[in-house]
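Just below is one structure, and these are the notes that go with it.
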Amino acid sequence: MNDTNLFQLICFYGFAAVTVAAALAVISLRNSVHAVLSLVLTFFSCACIWLLAEAEFLAIALIVVYVGAVMVLFLFVVMMLDIKMEQVREGFIRYLPVGIIVALVMLAEMLALIGVRAMHGHMMGADPAAAAGLSNTGWLGQALYTQYLLPFEIAALILTVGVVAAVALTLRHRGDRRRESASEQVRVNPRDRIRVVKMAPSRPDATAQQPGSEEARP
């Protein structure tokens, strides 16, 4: 093992340790804002691991989509709503054994898949990106927008329909709320909203007391 592979192995174990520690902090910290920040650190460490695995597109997507957009939105919502996560996590200890069992089963399945791939690595074939002389992101973009353009557009359409359906299902109309119509505001005539009234000027009374003057004597 040369120095480069040794350095990559050390970086992998370091990023993996930070990822596991940050993931445990997400479910163990009492402060919800600190938990969200720990989740941001978890995603960032996972992106570093994807970079070591030469999966640049997944790393960029994880940083831009989750860390840059989703987690910032989560943090904004948590800070604005002031959610009491302490009350939500009161029953965490009761479900801890079930969570540990599920985590161990998932770990065993992942290790089994890694072992099968290691034993039958020759059946997986060569890396298509390396065979084409392109980076992982370049090959994925070229394949996505040439060979798989129609499935990509269909997936985008399905996501759009899902967003519209979610908005339609959660929309609630209230009768006691005043609503404004943009079309009626555009069609409004200024003469119907403002009326100018002309009034004759009134002459002040000569005997009226002027401000700042002395009191008139009888």
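The values are calculated or read from the model by the stated rules, or taken from the named source; none is laboratory data. Because the structure is a prediction, the values reported are computed rather than measured. Methodologically, a virtual Cβ is constructed for each residue, glycine included, from the backbone with ideal geometry; neighbour enumeration extends over all protein chains shown.
Just a few scattered comments:
- Within segment 10-36, the residues that satisfy the criterion of being modelled with pLDDT of 85 or more and among the aliphatic types (A, V, I, L, M) are 10, 16, 17, 18, 20, 21, 22, 23, 24, 25, 26.
- A search for C-beta distances below 9 Å between a residue of segment 88-110 that is at pLDDT 70 or above and any residue that is of a type in the set (Val, Ile, Thr) and part of a helix (DSSP H, G or I), counting only pairs 6+ apart in sequence or on different chains, returns 99/27.
- Given (1) at pLDDT 70 or above; (2) exposed (fewer than 10 other Cβ atoms within 10 Å of the Cβ), index of the condition residue 205 fails: (1)
- Only one entry of 35, 22 meets the criterion of being touching a residue at least 40 places away in the same chain (Cβ under 8 Å) and surrounded by 13 or more Cβ atoms within 10 Å (Cβ to Cβ), and that entry is 35.
- Residues in segment 1-55 that are more than 23 Å from residue 136 (Cα to Cα) and either in contact with a Cys (Cβ under 9 Å, 6 or more places away or on another chain) or of a type in the set (Gly, Ala, Ser) (or both): 14, 17, 18, 19, 21, 22, 23, 25, 28, 32, 35, 38.
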